[in-house]
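No lab work stands behind these numbers, since they all come straight from the coordinates. The structure displayed is predicted, hence computed values, not measured ones. Ideal geometry is used to build each Cβ from the backbone, glycine not excepted, and the neighbour counts take in all protein chains shown.
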Amino acid sequence: MHEDDTPILEFEDVTKTYRIKGSMFGGRPAGEVTALHRVNLRIKRGEVFGLVGESGSGKTTAGRLIVRLETPGAGRILLNGEEISGLHGRRLKRYHRQVQMIFQDPYQSLNPQLSIYSSVVEPLLIHGISSGRDRRERVLEMIRTAGLSPPETYANRYPHQLSGGQRQRVAIARAMVLEPDFVVADEPTSMLDASYSAQIFNIILNVRKRFGVTLLFITHSLAAARYLCDRIAVIYRGHVMEVGSAEEVIHQPLHPYTQALIDALPKFGLTDAMPRYNTLLETDRDIPDSVGCPFFPRCRIARRSLCSREVPVLRPATPGRFVACLLVEGGAIPGGNGH
Amino acid sequence: MNDQRARGHGQPEKTEPDVLLRVEDLSVGYRTRRGLMRAVDGVSFTLNRGRSLGLVGESGCGKTTVGMTLMGLLPPNGQVLGGRILFRGEDLLLKTEEEMRRIRWNRIAMIFQAAMNALNPVQRVQAQIAEAIRTHRPELSEQDALKQVEGLFQLVNLPKNRMRDYPHQYSGGMKQRAIIAMALSCSPDLIIADEPTTALDVIVQHQILEETRTLQQDLGISILFISHDIAIVADVCHDIGVMYAGQLVEYGSREEVFGDPGHFYTQALLASYPTITGEKRDLIPIPGETPSLVTPPAGCRFCDRCTAFESECRLVTPAWVDLSPTHRVLCSRCLSP
């Protein structure tokens, strides 16, 4: 059987900067913020890929670039080997059929004047897909797949009659009704309580199993990424710091930032369950506009001569594992907190 | 920890130097267009000096209302329907607004959700904290107040050379520490923190929680920590109270509630959290939605979503069951060991 190993989605050296205007009151000078710096990612067909980072990491920007809400300043984004920024007309329309997004805020993503049915059928109307009874069946079936059952009851309701968790399920139904190849889920549960988040996670897994869709799951939660994702990338200040399978990254983290994230996670009172890496300085080094590794000001094991000068590049560490750390050689940090 | 008495069996008021706060059968409602919403129903718990209690529950469970009621800060459509709030032996619900004003900050300080956004953007941080100090202690000079601010900065790990900055120059974590400094400024007996770390990143949140725990221990302040995130309070609080649909459904030490959760809601809540420790297991979401608090169901409020549901659960008002001298559960079907 011929195996197509073109990744379905690829970021090739993608950089995105924003200009910020200066403030009249002298608080902030005008300048640039680098949201993404030379990001390289290869997402495999059919996988759930997690992009894990805190605020300001650039993870949301990455999602927006994929659905073309923004364009990269440099570098290329490729879907099935084809660059997406050059698309227009019919090919662009096809792109929007193939790539969909689920947004974070369930209270903002649905048009309050449209019934649930109307919201979910809308993409089919826009792309002229299906008609009549067939179309209706398709919509109801997707509403049911998203966990809203019986679908006829929910189809007639309006967003204000639904809870946040239910609205996110509608968002999933709408994203999936076109049966896209690729879905970006941008923090779909961060505004929901834990028990409703769990429902959404299971629906996402269900949808993946059923439709074989590839998913980019953007999140600040390593625990959620562990649950949902096959592979994850950890991103910090626009730089991808580590990539690998979810289990490996979490249980054998190579990058000091990933290790700091793990140290910071609540342990539910089981303090001996995970090793402590202690890679975070208590107070940041005061380095105005450093040019080296973005994590240098907070990194306990950094070497100033190296880390404050050079920007680390994502490199293979062991098969399937990539790290962007100047101190990493052959899969472990020499003299650091080995495991 | 004295839970027998926390249930209000009508015993006479003895002086209990250890008990700082005793909430007895508190009920609070909000008048809405659809009727009276019973946001808090018959909640009782105690908080001893030097202890921290985590009040956890999902949105709408009533935990924030409890905090607001303790501070006397209910909105105009809110009303206390019954119960007592005994703080240092005195019922706060009987206090006048003037008396409450004197208790706030001096005795009980509150850290609201996203309080860091409430910092005055056009005033230097040190000035804001100094102002808070002098509002409640007008006898202090500006200089003395600033000296106190210096001490507070040290206490909360803020660099002294940032005292003269404006809030926008602070990171999220620094702003939150400034808020904590303000709460500590009048040396209160009790701090009520309502989702104090929600807006913060994972790493900063962890730092703040660690610092809070250290402060709590070093200063002997009692903290009521309100959060929707049971994982956060797990690492920080001595005792945990779990709320659901306006009621307290489980109460015990951290070890007891996490190690051996008694109420089916607590168990379900814990099972719905993804964790990084241990073996990867299926997340089991809790089916259904929370019940209406305008017309709350008779009997157990969780029964429609409960895996151990039996028909009597819907009819019989659940009673408290003691699983240990310090661990109790509101459930008819719960078995004592």
* Work out the mean other chain Cβ neighbour count within 10 Å for the residues of A:255-268 and drop it here as an integer. => 5
* Asked: Convex hull volume of the Cα atoms in region A:192-262, per residue, in Å³?
  -> 98
* To do: Quote the convex hull volume per residue of region A:55-94, based on C-alpha atoms, as a whole number of Å³.
  => 81
* Expressed as a rounded percentage, what relative contact order does chain B have, with Cα pairs under 8 Å and six or more residues apart? -> 20
* Kindly write out, for region A:181-188 in residue order, the coupling ³J(HN,Hα) from the Karplus curve 6.51 cos²θ - 1.76 cosθ + 1.60 (θ = phi - 60°), rounded to whole Hz, with x marking Gly and Pro. => 7, 9, 10, 9, 10, 9, 6, x
* To do: Work out how far the C-alpha atoms of chain A reach from end to end along every principal axis, then list the three figures in whole Å, largest first.
  => 68, 59, 47
* Could you list B:Leu140, A:Leu280, B:Leu47 in order of exposure, starting from the residue whose Cβ has the fewest other Cβ atoms within 10 Å? => B:Leu140, A:Leu280, B:Leu47
* Could you pull out every one of the lysines with an alpha carbon less than 26 Å from that of A:Lys44, ignoring same-chain neighbours closer than 8 positions? => A:Lys16, A:Lys59, A:Lys93, A:Lys209, B:Lys280
* Asked: Gap in Å between the Cα centre of region B:132-169 and the Cα centre of region A:294-308?
  -> 32
* On the first, second and third principal axes, largest extent first, how far apart are the outermost C-alpha atoms of region B:18-57 in Å? -> 42, 19, 11
* Expressed as a whole percent, how much of the Cα-Cα distance distribution for region B:193-337 exceeds 19 Å? -> 58
* region B:274-330 and region A:233-266: distance between their alpha carbon centers, rounded to Å -> 35
* Structure fact -> Filtered hits (lysines, Cα-Cα < 16 Å from B:Lys147, offset >= 8 within chain) -> B:Lys160
* Quick one: what are the phi-derived ³J(HN,Hα) couplings along region B:24-36, Karplus 6.51/-1.76/1.60 with θ = phi - 60°, whole Hz, x for glycine and proline? => 10, 6, 6, 10, 9, x, 10, 7, 10, 4, 8, x, 7
* Tabulate in residue order the Karplus-calculated ³J(HN,Hα) for region A:149-163, using 6.51 cos²θ - 1.76 cosθ + 1.60 with θ = phi - 60°, rounded to whole Hz; enter x for Gly and Pro. => 10, x, x, 4, 5, 6, 4, 8, 8, 10, x, 5, 8, 10, 7
* Show the residues, 5+ positions off or on another chain, whose built amide H is closer than 5 Å to the amide H of A:Val184. => A:Gln100, A:Met101, A:Ile102, A:Leu216
* Relative pair counts by distance (%), Cα atoms of region A:126-213, 5 Å bins -> 3, 14, 25, 24, 21, 10, 3, 1
* Asked: In angstroms, what radius of gyration and Dmax does the protein assembly as shown have, counting Cα atoms only?
  -> 26.6, 85
* What number, in percent, do you get for the relative contact order of chain A if the mean sequence gap of Cα pairs under 8 Å and at least 6 apart is divided by its residue count? -> 18
* Can you give the alpha-carbon Rg of region B:161-213 over 2.2 N^0.38 Å, where N counts its residues? -> 1.16
* **Neighbouring partner chain Cβ atoms per residue of A:194-207, average, 10 Å criterion** => 5
* **Kyte-Doolittle mean at least 0.5, axial Cα span of 27 Å or more - DSSP H helices of chain A** => none
* Structure fact -> Mean other chain Cβ within 10 Å across B:203-209 is 4
* In angstroms, what radius of gyration and Dmax does region B:24-135 have, counting Cα atoms only? -> 15.9, 46
* What nm value, rounded to one decimal, do you get for the distance between A:Ser190 and A:Arg91 when each label is placed 7 Å out toward the C-beta? -> 3.4
* Asked: How big is chain B by the Kirkwood estimate over distinct Cα pairs, in Å?
  -> 21.1
